[in-house]
1. Pop a pseudo-label 7 angstrom from the Cα along the beta-carbon direction at both V75 and D286 and give the gap in nm to one decimal.
2. Calculate how steeply helix 152-163 sits against the longest principal axis of the alpha-carbon atoms of the chain, using the helix alpha-carbon long axis, and give the answer as 0 to 90 degrees to the nearest 10.
3. With every protein chain left in place, what is the accessible area of M262 in Å² (1.4 Å probe, nearest 10)?
4. Assuming R0 = 35 Å, what is the FRET efficiency of D408 and N547, from their Cβ-Cβ distance, to the nearest 0.05?
5. How far, in nm, would the chain grow between L451 and S40 when pulled straight, counting 0.36 nm per residue and subtracting the alpha carbon separation?
6. If you take the Cα atoms of segment 447-587, find Rg, then find the Kirkwood Rh from the mean of 1/r over all pairs, what is Rg/Rh?
7. Strictly greater than 18 Å: what percent of every Cα pair in segment 431-524 meets that?
8. Among the Cys residues of the chain, which have no other cysteine Cβ under 4.7 angstrom away?
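The values are calculated or read from the model by the stated rules, or taken from the named source; none is laboratory data. Being a predicted model, the structure only gives us computed values, none of them experimental. Glycine also receives a Cβ, built like all others from the backbone with ideal geometry; neighbour counts cover every protein chain displayed. For the accessible areas, the whole protein counts, side chains as well, though only heavy atoms, and no ligand, DNA or RNA atoms are used. Shrake-Rupley method; radii C 1.70, N 1.55, O 1.52, S 1.80 Å.
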Amino acid sequence: MAYRQTELAKVAQRTDNKEVMATTSTGGLAGILMRTGFFSESQLNGLLEKKRASEQSITELVVDGGYAKEGKFLVELGKALGVPFSQLGAATIESEVLDKLPPKAVFQYNVIPVSVNNGTLLVATNDPFDPELIDALRLASGMRVRIALSTSDEIAKAAKKFYGVGAETVASMMEDDRYEVDAEVLPGKVDLDELDQEASIVKFVNQIIWEACRQRATDIHFEPMENELRIRYRIDGVLHQTPLPPKLKRFQAAILSRIKVMANMDIAEKRLPADGRIGLRIESEDVDIRVSTMPTVYGESISLRLLQRKGRLMGLEELGMYPKDVEIVRKVIHRPNGIVLVTGPTGSGKSTSLYAYLQELNSINCRILTVEDPIEYEIEGINQVLVRPDIGLSFARALRSFLRQDPDIIMVGEIRDFETAEIAIQASLTGHLVFSTLHTNDAAGAFTRLLDMGVEPYLVASSVEGVVAQRLVRRLCVDCKKKGESTEVFLKSIGFPVERLGDKVIYEEVGCDKCRMTGFQGRTGIYEVLKVDEVIQSHVIARQSTNAIMQTATRDGMRTLRDDGWEKVLSGVTTVNEILRVSEENE
């Protein structure tokens, strides 16, 4: 057979791996693959035919052809070759070992050095049949090389973990001694696939943004420190430091300038805070990025807020509300007029909830107008307006114009001042249903906030129909969560309803590859739904405190954020500590 003296034979001859040499000499590639147990003779012949006509590796062809999953195939292939299979997920690799291979070789060949033993470098790969691999790695490291097997996904994760995101790009910049960015302002939308990949700074910034989108990050923070440039992603509401290549600090000015160029900002002004926007297209998806700069002691700190404009809209039942709360919200939002408010801090999912309400009401018979900053989702059938402070288009001005547009429903992104609040209330009193958001800690605090803005109590009482306070909590990873060990004494001390526990299990996070070792994957909401009745109205008119309104609402059956959180814990959705983290301020 033509494959008897194959690429593998060449690889084996260049290594000190006697087991590989022995298996190669006794049967060639066909015999080795047959010993894995995944192929019949006809399937093997078909696979080898595909290999002759394709540049794909054997491993890729096996996985793409559905013969076996990559991990299982490589385990059996390792047995047939007499080489080890390495689990890299929890591996610790010494820095001296990592230094044996330059980042360029690691990312180009998708390999990772694992260990050094007696002057021989053990390198993990998923393609042991690459004819150039051993020679290239031996040349790059200056050492004898032996191979181990691991999946391409685990190798890529380990490379990013130990070398850092964009390590090969930074290495290229170091070689080229390229410290300055020379790029033109890119108007309109930028397609990451079409940018000049020769410019190392451009490529590095692209990689950081690309990785953030891949990990579902909502924010990227570039934070200059005295001796490093720190980059952190906010994922599921929690900050995670991004592994980065060393000596990135020397390229700080060029990296930050590149971001400002993309946002069409003045790169010369570094003394004052500034804001900008970037429009990107990543894998055919539009992503809007809000850019904010802030001068600090060690340089400008830049924060990017990532907004996917055409993300999947959630329905009312998908928000994570208790069924009784869904019923209350549905009744309130189907009223012909009034104001419905959603409250919570930045990043608590208020916009997602508002869009769910609008989606429920969106029909051919209903005219809906929204004014937002920014427009986070585009909804077909709804007229959406973007706030433009630079030309005088504020929330209040847009809202005033809306009343001449014959709307049925109006959504205001946020009530920030008395003028906007006053117009929104007047709109609700003249037969319009108005949705908006406020930054308050709980549902009852919305009334106090409106009164503090200067709105008359009787107007607040007669216009506000319902308030929904919310937070986002991280969902437990279903693949690795375990039974918790919280004692009854501890649970009682934090106000947990132990009488409702029964035979239910409280879970804790563990961490695995699927959840990036965090123990959590995705988020859901906890809610506090306050429906305004005559008693609540009387409290508002009398300017009673937030606590008085809260006590009345809970006595009438309202579930607080903490109570709703405990229900999520009892359902196995999240952890006790997660509820304490997001709702502690309300106690």
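1. 4.6 nm
2. 80 degrees
3. Around 10 Å² of this residue is reachable by solvent.
4. Details: r = 36 Å, r/R0 = 1.04.
E between D408 and N547, to the nearest 0.05, is 0.45.
5. Details: separation 411, 0.36 × 411 = 147.96 nm, distance 7.75 nm.
Working it through step by step, the gained length comes to 140.2 nm.
6. Numbers: Rg = 18.4 Å, Rh = 17.0 Å.
Rg/Rh: 1.09.
7. Working: 2901 of 4371 pairs.
Summing the P(r) of segment 431-524 above 18 Å gives 66 percent of all pairs.
8. That list is C213, C366.
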